[in-house]
Amino acid sequence: MTKLTENQNLVNPSEAVIPKMSVPCQSFSLLVPATISPTCSPSARFHFHIHNKKTRPSVFSTRLGHGISLITKRRTRTHHCYCSSSIMPLKDPTSSPPQDSLSYSRAYWVSKSIIAWNVDGVGGSCYLYSSRSAALSVTENGIEGHDFNIKLETHDQKLPENVRDKFPHIQDYKAFKVPTTLDPKNILKDQLAIAFFDPSGQCISVTGLQLPGVLDDIFSYSGPLGAIFSKEIVSLYLWAPTAQDVRALIYNGPSGGEPLEIVKLNESNGVWSVNGPRSWEGCYYVYEVSVYHPSTLQIEKCIANDPYARGLSGDGKRTFLVNLDSDALKPHKWDDLADKKPNIADFSDISVYELHIRDFSANDSTEDPEARGGYLAFTFQDSAGVLHLKKLSDAGLTHIHLLPTFQFGDVDDEKEKWKSVDMEMLKSLPPDSPKQQEYITAIQNEDGYNWGYNPVLWGVPKGSYATNPNGPCRIMEFRKMVQALNCIGLRVVLDVVYNHLHASGPIDDDSVLDKIVPGYYLRRNTDGFIENSTCVNNTASEHFMVDRLIIDDLLNWAVNYKIDGFRFDLMGHMMKSTMTRAKSMLKNLSREKDGVDGSSVYLYGEGWDFGEVANNGRGINASQINLAGTGIGSFNDRIRDAVLGGSPFGHPLQQGFLTGLSLQPNGHDHGTEVNAARILAVSKDHIQIGMAANLKEFVLTNCDGQEVKGSETLTYGGAPIAYASQPVETINYVSAHDNETLFDIISLKAPMEISIDERCRINHLATSIIALSQGVPFFHCGDEILRSKSLDRDSYNSGDWFNRLDFSYNSNNWGVGLPPKEKNEKSWPIIKPRLASPGFKPHKSHIISALDNFQNLLRIRYSSILFRLRTANAIQERVRFHNTGPFHVPGVIVMSVEDGHEGVPGLTQLDPVYSYIVVVINVCPTDISFTSSVLRGKLLQLHPVQMMSTDDLVKNSKYDPSSGCFRVPSRTTAVFVEPRSIRE
């Protein structure tokens with residue numbers, strides 16, 4: 001998911017007012033206002049059905065206030081919101097309190113003894129009510145239908161410090177003490193409400209309660225959960241402290257038929273459990289949970305999968321009882337894999353290649369047809385795709401990052417239900433035709449494609465990638481995939497999405513956690529409605545059992561599937577404590593005890609700081625700034641935006657350092673020439689800080705000639721450019737699955753009149769900046785082969801057609817039609833002429849050359865540890881930028897990395913081969929020369945990899961030791977090295 005720009009207003013969609021029309025909530029590219037139909041009740045509480053391009057809605061709610069306009073945020077995955085005022089009772093403006101008060105949960109039961117509420121009243125008294133049958137109702141006299149009520153004690157002091165730390169957004173609420181005579185366990189399964197009466201006895205306010213605080217205080221649990229297999233029995237454990245009754249329905253098969261058994265679970269301190277015979281293994285089950293649900297104000301009988309499911313039926317409606325430790329589910333020599341994994345001496349040695357499982361092989365005719373688009377495609381050693389990965393691995397690439405592989409929504413696991421389009425027919429259409437996208441979008445919700453950022457169950461491999469979604473097949477094939485990738489020298493990273501869930505409520509088939517403990521797992525606003533700033537159904541890792549579930553899930557993947565790293569989607573919406581505890585727990589895994597080396601598991605993610613968690617609004621969150629010192633990586637959007645220009649949310653023609661800003665304008669209004677030149681110079685500063693691993697303490701001479709730290713250099717929004725304390729905390733990148741591909745964004749931003757040769761060189765320049773920077777380099781699959789999505793800026797649901805990869809290198813997928821209208825129509829006027837022009841489409845020779853150049857960059861990076869310095873201190877001591885200050889040569893970066901000499905005081909020797917490295921990056925459309933007195937007299941020569949390159953232009957790069965002058969051709973990155981053998 002991409003990041004919001006700093007200057008955007010953030011509006012919580014759960015607090016927004018929704019009109020009667022359908023409103024697309026797409027990418028965060030803009031805010032869309034709309035007005036309310038005047039027929040809407042001025043203060044009705046509305047339900048919003050968020051359709052994830054499927055028939056089943058997810059639901060969130062909000063209250064409509066008279067005359068307020070809707071503002072919705074656009075998001076990278078499309079949802080349509082519809083309002084219905086008939087679901088909830090309407091507020092009677094003449095009554096006091098409102099009749100719909102129980103629809104809100106504005107009070108917080110924060111601990112066993114304290115309830116927090118910002119009720120507006122002086123003096124008076126407060127009462128707590130409960131009803132086991134959910135029969136509470138509001139009248140002028142207060143609350144009726146209760147089984148129990150008790151007066152709360154007024155507490156004049158602030159909420160306790162531990163409560164304020166856990167719930168900072170309510171730190172100023174009033175505190176009410178729960179009498180010690182009440183055991184909360186007796187009523188936490190009930191419908192609950194609280195009412196405030198003024199001194200005359202008039203009820204002036206009523207609301208429901210949010211319970212996560214008290215549930216954590218009383219029912220936090222660290223024992224077994226899920227299905228536990230022992231020699232003779234299978235035990236089921238479910239944490240459901242608010243449930244009134246839980247039964248397990250055991251089935252013989254994945255669908256149809258009556259249950260073999262219906263067994264009642266017994267409760268002990270919020271945990272329900274039952275023991276069954278070992279013959280249950282291989283069966284399927286669901287839980288039937290009777291529980292009060294705040295979204296309906298009723299006791300619901302919910303049918304749900306096990307939150308700790310490790311297998312599923314093909315239709316996703318039943319949990320598969322599977323023992324992951326069974327030898328029958330392990331590929332040959334699976335238990336020995338930890339000893340066969342490629343070595344990683346330090347996280348600074350990592351390089352990441354982001355890949356979608358279906359993209360990898362769906363279009364590969366050299367793959368077995370049954371395996372295409374799935375896990376097993378990675379096991380065919382002679383397929384074009386695997387041979388391509390071997391080339392990258394041989395050049396030095398270390399990690400494959402797989403887009404979501406857990407059980408996600410919006411793609412049916414049963415392939416026979418998929419629809420498809422005739423690809424040959426699509427190929428016959430013009431390159432700028434709108435027809436292709438019409439055919440694709442007509443079936444996009446019924447085909448086999450989606451990125452997968454809509455989690456249903458975190459701990460189960462996605463069934464659509466398996467040859468058979470039922471039974472253990474998905475487990476075995478996933479393990480074979482991991483084993484195969486490890487065997488060609490590549491470690492595996494999983495993309496995990498713990499920040500939100502695909503569905504909520506008591507009915508939706510894809511709702512799980514919100515059926516088990518309603519109101520607990522999902523973060524709610526101060527009215528009690530689900531927060532949706534991530535897109536929909538934000539989770540709350542600040543709650544103990546959510547934190548635990550996330551960490552248990554990570555351990556499951558690390559131990560049972562031997563995963564080597566995790567990338568966290570919208571990591572900033574999780575708490576820092578969850579991330580640091582996850583890192584610690586994973587690090588404690590050992591080969592002897594767990595079969596994996598947890599110290600080699602790397603964590604990184606999106607540290608964007610927005611929504612209700614912004615500025616530590618729900619506790620200290622895992623944002624870029626907050627993660628400094630943890631060793632957890634976060635994506636560096638600063639270097640991306642400076643290199644390419646603008647941001648993913650700005651004008652697509654806005655140029656950057658690499659795409660022609662000031663040096664080769666494209667006609668877009670960048671202000672005056674002086675302004676454009678200034679932005680170019682500042683962008684270079686941002687890039688240089690990024691190349692020094694975006695370290696807070698790195699000192700750079702900026703374009704004004706001032707020595708400044710990375711943290712003192714600011715973005716246009718005022719945030720510091722640098723935020724990292726260690727090099728492994730920075731993930732440098734210029735492209736990822738979100739937004740246009742690297743080749744596409746260059747094709748938009750660079751001047752239309754330049755040649756395809758020049759566009760390809762710009763593509764190579766971009767990857768060279770990332771490959772030769774300190775920190776962890778990250779590449780989007782296809783960066784190295786000029787991958788195009790026909791200028792689609794958000795291809796999450798654009799099918800195989802727009803997401804195709806071609807490892808035969810015959811095509812980069814440019815010009816396969818106008819990209820889907822929904823996300824791209826606004827840009828069609830600038831997209832269409834580019835797609836129509838034959839001069840934009842690269843030939844096979846361009847693709848192969850790009851691949852050769854990319855491999856060479858990897859070879860250069862791994863030829864010297866000086867490109868992969870381990871500490872901030874080493875970078876500060878050894879890395880220098882030379883073309884700085886007010887008299888710099890525009891469009892040129894000159895970076896040196898110095899090593900010490902054995903037996904000589906000063907820097908420690910790290911590299912036995914090279915004592916000095918200079919990188920010159922020339923983004924200008926002309927050759928440049930740069931002279932440095934500091935670099936005079938070095939015994940530098942072009943890196944041997946570049947001397948052997950198929951790129952003839954880079955071979956013309958020269959260095960004159962007598963003058964310290966470098967000459968580098970246009971749009972070229974040249975690497976000069978000083979071999980120790982020369983000095984010897």
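Any read-out appearing in this document is the output of simple, stated calculations on the displayed coordinates, not a laboratory observation. Just so we're clear, the structure is a prediction, and the values are computed from it rather than from any experiment. No Cβ is skipped: glycine too gets one built from the backbone with ideal geometry, and neighbour counts run over all protein chains shown.
See the values below:
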item: Listed peptides 455-465, 606-616, 898-908, 155-165 by packing density, highest first (mean Cβ within 10 Å); result: 455-465, 606-616, 155-165, 898-908
item: Proximal aspartates and glutamates to Lys419, defined as alpha-carbon separation beneath 15 angstrom and excluding residues fewer than eight positions away on the same chain; result: Asp410, Glu438, Glu446, Asp447, Asp800
item: Å³ per residue enclosed by the Cα convex hull of the chain; result: 175
item: Pairwise FRET efficiency - Thr181 versus Lys158, Cβ, R0 = 25 Å, nearest 0.05; result: 0.55
item: Shape category assigned to region 347-850 from the gyration tensor of Cα positions, a/c cut at 1.5; result: rounded
item: Neighbour-count order for Met481, Met948, fewest beta carbons within 10 angstrom listed first; result: Met948, Met481
item: Prolate/oblate/rounded label for region 878-983 (Cα gyration tensor, a/c 1.5); result: oblate
item: Label point distance in nm, Asp336-Ser970, each placed 7 Å from Cα along Cα→Cβ; result: 5.7
item: Extension gain (nm, one decimal) between Asn141 and Asp757, 0.36 nm per residue minus Cα-Cα; result: 213.8 nm
item: Global form of region 218-321, assessed from the alpha-carbon gyration tensor, a/c cut-off 1.5; result: oblate
item: Residue order, fewest to most beta carbons within 10 Å, for Tyr733, Tyr862, Tyr251; result: Tyr862, Tyr251, Tyr733
item: Links that overshoot a 21 Å alpha carbon limit, given the list Lys264/Lys462; Lys330/Lys417; Lys391/Lys427; Lys749/Lys826; Lys166/Lys576; Lys151/Lys177; result: Lys264/Lys462; Lys330/Lys417; Lys391/Lys427
item: Relative contact order computed over the chain (Cα-Cα under 8 Å; 6+ residues apart), in percent; result: 9
item: Neighbour cut-off at most 11 other Cβ (10 Å), DSSP loop, GluC sites (Glu not before Pro), region 182-272; result: Glu232
item: Residue order, fewest to most surrounding Cβ atoms within 10 angstrom, among Phe544, Phe196, Phe568, Phe649; result: Phe649, Phe544, Phe196, Phe568
item: Cα-based reach from Lys341 at 16 Å (exclusive), listing aspartates and glutamates while leaving out same-chain residues under 8 positions away; result: Asp349, Asp394, Asp564, Glu592, Asp594, Asp597
item: Ranked packing of 865-874, 740-749, 692-701, most packed first, by mean Cβ within 10 Å; result: 740-749, 692-701, 865-874
item: Neighbourhood charge, 10 Å Cβ-Cβ cut-off, centred on Tyr733 and excluding it, Lys, Arg +1 and Asp, Glu -1; result: -2
item: Debye, to nearest 20: dipole size of the chain, +1 on Lys, Arg Cβ, -1 on Asp, Glu Cβ; result: 780
item: Efficiency of FRET between Thr931 and Asp172 - r from beta-carbon atoms, R0 51 angstrom, step 0.05; result: 0.25
item: Anchor Lys938: lysines whose Cα lies under 27 Å away (excluding residues fewer than 8 positions away in-chain); result: Lys684, Lys955, Lys958
item: Among Ile770, Phe566, Ala227 - extreme Cα towards positive end, dipole of the chain, charges at beta-carbon; result: Ile770
item: Listed pairs Lys821/Lys844; Lys562/Lys587; Lys515/Lys587 exceeding 22 Å between Cα atoms; result: Lys821/Lys844; Lys515/Lys587
